[in-house]
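Remarks on the structure that follows.
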Amino acid sequence: MTERIADPDLLIEFHDVSMVRSGKTLVGPVDWRVELDERWVIIGPNGAGKTSLLRMAAALDHPTTGDAFVVGEKLGRTDIRELSTRIGLVSSAFAGRVPADEKVSDLVISAGYAVLGRWREEYDPMDRAQAADILESMGAEHLADRTFGTLSEGERKRVLIARGLMTDPELLLLDEPAAGLDLGGREELVDRLGTLAADPDSPAMVLITHHVEEIPPGFTNVLMLSEGGVVAQGAIEDTLTAENLSTTFRQNISLSYDDGRYFARRSRRAGGHRRA
Ligand SMILES: Nc1ncnc2c1ncn2[C@@H]1O[C@H](COP(=O)(O)OP(=O)(O)OP(=O)(O)O)[C@@H](O)[C@H]1O
């Protein structure tokens, strides 16, 4: 059989991919393609397999079956460390590993060196300038000299996204970036991510969430997961419907849409509503 090769126009290319651990299928089989200018949302209930899928997209885990290519490299063939500067990953698992006394500017700059914790060498002044610019774009320039442990949850999220962008990655993966934020913090973050999504120079983006309210305006595609399987995927305006949400979350959900944002609640009537 001829070996499949990567499509150069795709950042993520999964063919029949599944991940099985301890005899349990965590996610899959999934066929999924992410193009350069796409911004994807992965939505589903707790335990649906979202993080498992994202870990493969981040090249942190290999599929059990199928062929998976990320930034043009086949998983299982490539040294993961070589991909770490090409894929920006923002996750609470990573946040938990940041030392409390890590200076914000060092945390952002060190992404370019694929290290966590202070680098022993002096950083390049160009790197310092770039880190300052990126922190500013995330509204976090005033935090540069603070230590990570002193930041609020919302400030941490913005700093970690700045770190994720520091290497000018081809793909930015965001695992529940709005989790734990209050209403104001969520709205601020959704706004910033909407600005990032609208910038044609931004990398392709994949954002995991449980809540449609956390989907930033300008996100183009959605993949809906339930119990490890794909309920639906495609253009967000066609696919993010009350019917698909009801199937995904196994209850009647009604959905509304206003000014680029989605809002969902449990419907008292069977069937829910279609997107306005
Ligand atoms: N190494 C493992 N071995 C066995 N089961 C696992 C393993 N890792 C995860 N799981 C299980 O696989 C399922 C999917 O987990 P995953 O973290 O991908 O879901 P998720 O959609 O991200 O969930 P959440 O929204 O709660 O974070 C869960 O039931 C989880 O307990």
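Look at (1) closer than 24 Å to residue 13 by Cβ; (2) in a helix (DSSP H, G or I); (3) under 16 Å from the mean Cα position of the chain (by Cα); (4) charged (D, E, K, R) and you find that residue 168 fails only one, number (2). None of 47, 23, 88, 28 is away from the ligand (no atom under 15 Å from the Cβ) and not acidic (Asp, Glu) except 88. Return the only residue of 105, 91, 110 being of a type in the set (S, T, N, Q) and under 16 Å from the mean Cα position of the chain (by Cα). Of the residues listed, the single one that is of a type in the set (S, T, N, Q) and under 16 Å from the mean Cα position of the chain (by Cα) is 91.
Okay, residues lined up against (1) surrounded by 15 or more Cβ atoms within 10 Å (Cβ to Cβ); (2) touching an Asp or Glu at 6+ places or on another chain (Cβ under 7 Å):
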{"residue": "7", "(1), (2)": "no, yes"}
{"residue": "40", "(1), (2)": "yes, no"}
{"residue": "44", "(1), (2)": "yes, no"}
{"residue": "50", "(1), (2)": "yes, no"}
{"residue": "55", "(1), (2)": "yes, yes"}
{"residue": "81", "(1), (2)": "no, no"}
{"residue": "84", "(1), (2)": "yes, no"}
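Please determine whether any residue of the stretch 121-141 is in a loop (DSSP other than H, G, I, E, B), surrounded by fewer than 19 Cβ atoms within 10 Å (Cβ to Cβ), touching a residue at least 24 places away in the same chain (Cβ under 8 Å) and touching a Leu at 6+ places or on another chain (Cβ under 9 Å). No: the stretch 121-141 contains no residue that is in a loop (DSSP other than H, G, I, E, B), surrounded by fewer than 19 Cβ atoms within 10 Å (Cβ to Cβ), touching a residue at least 24 places away in the same chain (Cβ under 8 Å) and touching a Leu at 6+ places or on another chain (Cβ under 9 Å). When the residues of the stretch 171-189 are filtered to those that are in a loop (DSSP other than H, G, I, E, B) and over 15 Å from the mean Cα position of the chain (by Cα), the one that is surrounded by the most Cβ atoms within 10 Å (Cβ to Cβ) is 181. Those strands (runs of 3 or more DSSP E) of the stretch 190-276 in which 3 or more residues are without any contact (Cβ under 8 Å) to a residue 24 or more places away in the chain and not hydroxyl-bearing (Ser, Thr, Tyr) occupy 229-235.
Per-residue answers, yes or no, for (1) modelled with pLDDT of 95 or more; (2) closer than 22 Å to residue 103 by Cα:
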residue: 148; (1), (2): yes, yes
residue: 152; (1), (2): no, yes
residue: 162; (1), (2): yes, yes
residue: 167; (1), (2): no, yes
residue: 172; (1), (2): yes, no
residue: 179; (1), (2): no, no
residue: 184; (1), (2): no, no
residue: 190; (1), (2): yes, no
residue: 205; (1), (2): yes, no
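Let's see how each residue does on (1) more than 16 Å from the chain's Cα centre (by Cα); (2) within 16 Å of the ligand (Cβ to nearest atom); (3) crowded, with 16+ Cβ neighbours inside 10 Å:
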{"position": "202", "(1), (2), (3)": "no, no, yes"}
{"position": "227", "(1), (2), (3)": "yes, yes, no"}
{"position": "235", "(1), (2), (3)": "yes, no, no"}
{"position": "240", "(1), (2), (3)": "yes, no, yes"}
{"position": "245", "(1), (2), (3)": "yes, yes, yes"}
{"position": "249", "(1), (2), (3)": "yes, yes, yes"}
{"position": "266", "(1), (2), (3)": "yes, no, no"}
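Criterion applied to 58, 68, 93 was being touching a strand residue (DSSP E or B) at 6+ places or on another chain (Cβ under 6 Å), within 16 Å of the ligand (Cβ to nearest atom) and under 30 Å from residue 262 (Cα atoms), and the one residue passing it is 58.
The values are calculated or read from the model by the stated rules, or taken from the named source; none is laboratory data. In this text, all values refer to a predicted model and were calculated from it rather than measured experimentally. When we count neighbours, we look across all protein chains shown, and the Cβ atoms used for this are built from the backbone with ideal geometry, even at glycine.
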